[in-house]
1. Within region B:168-177, how many residues turn out to be in contact (Cβ under 8 Å) with a residue 60 or more places away in the chain and surrounded by fewer than 23 Cβ atoms within 10 Å (Cβ to Cβ)?
2. Taking the residues in region B:69-86 that are without any contact (Cβ under 8 Å) to a residue 12 or more places away in the chain and in a loop (DSSP other than H, G, I, E, B) as candidates, determine which candidate is nearest to the other protein chains (Cβ to nearest Cβ).
3. For A:G110, which of the numbered conditions (1) without any contact (Cβ under 8 Å) to a residue 60 or more places away in the chain; (2) within 14 Å of another protein chain (Cβ to nearest Cβ) fails to hold?
4. Out of all the residues in region B:70-96, which are over 19 Å from the mean Cα position of the chain (by Cα) and more than 23 Å from B:T170 (Cα to Cα)?
5. Which members of region B:178-189 meet the condition of being under 16 Å from B:G91 (Cα atoms) and open to solvent by less than 10 Å² (accessible area, probe 1.4 Å)?
6. For region B:87-104, check the following and say yes or no: at least one residue is among the acidic types (D, E), in a helix (DSSP H, G or I) and within 12 Å of another protein chain (Cβ to nearest Cβ).
7. In the set B:L163, B:L143, which member is within 13 Å of another protein chain (Cβ to nearest Cβ) and within 17 Å of the chain's Cα centre (by Cα)?
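The values are calculated or read from the model by the stated rules, or taken from the named source; none is laboratory data. In this text the structure is predicted, and so the values were computed from the model without any measurement. Positions of Cβ are generated from backbone atoms using ideal geometry, with glycine treated the same way; all protein chains shown enter the neighbour counts. Accessible surface is based on the protein model in full, side chains and every heavy atom, while ligands, DNA and RNA are left aside. Shrake-Rupley method; radii C 1.70, N 1.55, O 1.52, S 1.80 Å.
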Amino acid sequence: MNSIGINELRYMLQGLSMTLRLWVVSFFFGMIMGIILGIAKSNHKIKVFRWIAAAYIDMIRGIPLIVFILVGYFGANYLGSDIDLPRFGVASAVLSLYSAAYLGEIFRSGIESVHKNQWEAASALGFSYVQSLRYVIIPQAIRITIPSTIGFLIGLLKGTSMVIVISLTDLTTASRRIAEHTRMPFLVLGLAAMVYFVLNYPLTKLGEKLEEKYKIKKGSLT
Amino acid sequence: MIIVKLKDVHKYFGSLHVLKGISLSVNEKESVVIMGPSGSGKSTMLRCINHLETINSGSIEVDGELLTSEITQHSASIRKLRERIGFVFQGFNLFPNLTALENVSIGLKVVKKMDKQQAEEIAMNSLEQVGLKDKPSSYPDQLSGGQQQRVAIARSLAMQPRLMLLDEITSALDPELIKGVLETLERVNELGITTIIVTHEMNFAEKSADRICFFYNGKILEDGNPKEIIEHPKSIEAKNFFHALK
């Protein structure tokens with residue numbers, strides 16, 4: 001039986017670093033694609049884009065993340081069987097595509113919850129569709145969507161642990177290996193759980209705070 | 001010179017016939033007040049002039065631009081036209097996330113591509129014109145309804161419009177706040193900007209307008225001198241309306 005030493009801790013830290021990278025990268029790209037999807041789905045004039053965005057969002061949201069990761073990994077491997085695909089690349093691509101669907105739906109609801117009279121006020125000043133979105137609608141939509149975006153961010157951090165199915169060494173995968181290696185599963189996995197919790201807890205609190213703030217703001221506007 | 005010309009305009013909302021053949025010409029620098037019962041099509045006509053609504057038949061020509069139902073909401077020609085037309089809404093429609101000064105200057109920055117300093121200078125002037133030069137950094141929810149509406153007027157004024165459309169701009173205000181907004185409106189009329197004003201304020205119409213158009217059930221029943229129309233309306237509908245208002 002091995003004890004937990006500096007090497008074990010370092011291995012887990014490397015896992016944590018992978019988790020954080022997956023989290024940040026997939027949130028970043030998911031955000032960019034999500035904004036595009038949200039705009040497309042909220043646009044009632046160009047039906048083709050609206051339809052494509054809606055179909056994409058509905059499809060991704062209907063598939064378990066773990067299946068999506070497996071399909072991404074084995075599917076990509078199958079297509080490029082002679083190339084050894086970097087697991088990190090596949091995992092972050094899948095997590096980005098997954099995030100895009102959820103964030104797209106969040107932004108769609110944010111854009112649509114900005115009152116129609118804001119569009120009209122912008123139009124009356126001579127704003128184009130893009131200018132209206134950029135200067136009037138999106139700044140207001142983002143405020144509205146901050147609490148749900150934070151909620152998604154929390155879920156996404158936990159979701160990254162599913163890369164264990166393709167043996168990518170994130171915090172969960174590393175901890176599991178150390179747990180088996182040291183035969184101290186409660187201690188090691190408990191430690192991993194603590195790390196996830198410590199990362200997420202401030203976000204949870206921040207989300208609650210902002211939601212409260214937004215409520216007050218909304219009340220005083222009417 | 002005629003700046004707005006409507007010819008036999010019809011507008012439907014689904015099966016509801018809202019405008020039933022409106023014809024109206026407005027000369028430059030004229031101040032026209034539109035009165036009439038709720039639901040008679042006043043606001044709809046105003047929104048059609050700014051192309052916020054498209055008409056079903058007839059024609060509207062605004063400052064040399066022919067508005068047809070084929071023109072989309074954000075086409076370049078409509079945007080150019082809207083730069084020259086101010087629109088003030090019943091519910092103010094200020095941008096709640098921006099200060100008064102930002103509300104007034106954003107159009108100059110985004111549409112007229114002015115730099116920040118120049119835009120804010122003009123915006124400050126406009127705020128001064130509506131009597132709010134001490135409130136540039138207030139957010140809409142920190143202002144009273146009357147102040148918000150004056151910011152909205154300043155937002156239109158800053159764009160230096162040739163025509164201003166004002167849609168029941170005092171209807172959502174408490175009585176004590178209406179006066180300040182109407183005084184602001186009188187100043188707008190004195191600036192020589194053409195105005196088309198939908199309102200129920202009879203005294204304002206009599207004092208400040210060149211003309212009253214009386215709307216009833218999607219048609220213009222009377223069109224002429226304010227004093228004459230209010231005091232000696234020809235139609236029974238106008239008689240009843242003004243009587244109830246008095």
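1. 3
2. Per the stated criteria, the residue is B:H74.
3. The failed condition is (1).
4. Keep residues of region B:70-96 that are over 19 Å from the mean Cα position of the chain (by Cα), which gives B:70-72, B:74-77, B:96.
Answer for region B:70-96, where residues must be over 19 Å from the mean Cα position of the chain (by Cα) and more than 23 Å from B:T170 (Cα to Cα): B:E70, B:I71, B:T72, B:H74, B:S75, B:A76, B:S77.
5. Filtering region B:178-189 for residues under 16 Å from B:G91 (Cα atoms) gives B:178, B:181-182.
B:V181, the sole residue that qualifies.
6. Kept after step one, since they are among the acidic types (D, E), are these residues of region B:87-104: B:102.
Those left that are additionally in a helix (DSSP H, G or I): B:102.
Narrowing the set further to residues that are within 12 Å of another protein chain (Cβ to nearest Cβ) leaves B:102.
Checked against the condition, which is being among the acidic types (D, E), in a helix (DSSP H, G or I) and within 12 Å of another protein chain (Cβ to nearest Cβ), region B:87-104 yields at least one hit.
7. It is B:L163.
To keep it simple, each residue is scored yes or no on (1) closer than 30 Å to A:E120 by Cα; (2) surrounded by fewer than 19 Cβ atoms within 10 Å (Cβ to Cβ); (3) at pLDDT 95 or above.
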| residue | (1), (2), (3) |
| --- | --- |
| A:A141 | yes, no, no |
| A:T145 | yes, no, no |
| A:G151 | no, yes, no |
| A:L156 | no, no, yes |
| A:T160 | no, no, yes |
